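J.: Supplied in C-alpha cells, the structure appears directly below.
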Amino acid sequence: MIRIPGICNFNPETTSLAHFRMAGTCGTGIKPSDWQASLACSACHDAVDMRVPTQYTKAELDLMMCHGILRTHEHWRRIGVMK
C-alpha cells in the first residue's frame, strides 16, 4: 500500500504491517497503534523504517507512508475490517 517508486517489490508474500513512528504516539519498546500503520511489502517497510538507504528524504518517505495508511484504511473498510 505504500508503493515507493523504485523500491516496492509488489510481492504480497512479503506483506507486513509497518507502523508510523510519531512523537507522542510511541517510544522505546512501545509500538504505535495499528491505526497508525500501513500494509507494506518488505522493501517498502525497510525503506520507511530507514533500515536501507534510498534516494528519498525522510519527509518524502513519511508522506508515502501516510498515503499507504490511507490506502490500508480504505482496503480494510472495503473488506469489512473497518466501518
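Bear in mind these aren't lab numbers, they're just calculated from the coordinates by the rules spelled out. Worth saying up front: this structure is predicted, and the values here are computed from it rather than measured. Heads up, the Cβs are rebuilt from the backbone with ideal geometry, glycines too, and the neighbour counts pull from every protein chain shown.
J.: Among the chymotrypsin sites (Phe, Trp or Tyr not before Pro) in the stretch 1-56, which ones are in a DSSP loop with at most 11 other Cβ atoms within 10 Å of the Cβ? Mind listing them?
T.: Within the stretch 1-56, the qualifying chymotrypsin sites (Phe, Trp or Tyr not before Pro) (loop, at most 11 other Cβ atoms within 10 Å) are Phe10.
J.: Report relative contact order for the stretch 21-83 in percent, whole number only (criteria: Cα-Cα under 8 Å, sequence separation at least 6).
T.: Relative CO of the stretch 21-83 lands at 31 percent.
J.: Okay, moving on. Please report the equivalent ellipsoid semi-axes of the chain, computed as sqrt(5 x eigenvalue) of the Cα gyration tensor, largest first, in whole Å.
T.: 19, 17, 11
J.: Show me the trypsin sites (Lys or Arg not before Pro) within the stretch 1-53 that DSSP assigns to loop and that have at most 10 other Cβ atoms within 10 Å of their Cβ.
T.: Those that pass, being in a loop and sparsely packed, are Arg51.
J.: Given H placed on each backbone N at 1.01 Å, which residues far from Ile2 in sequence or on other chains put an amide H within less than 5 Å of it?
T.: Residues meeting the criterion, in which the H sits 1.01 Å from N, are Cys41.
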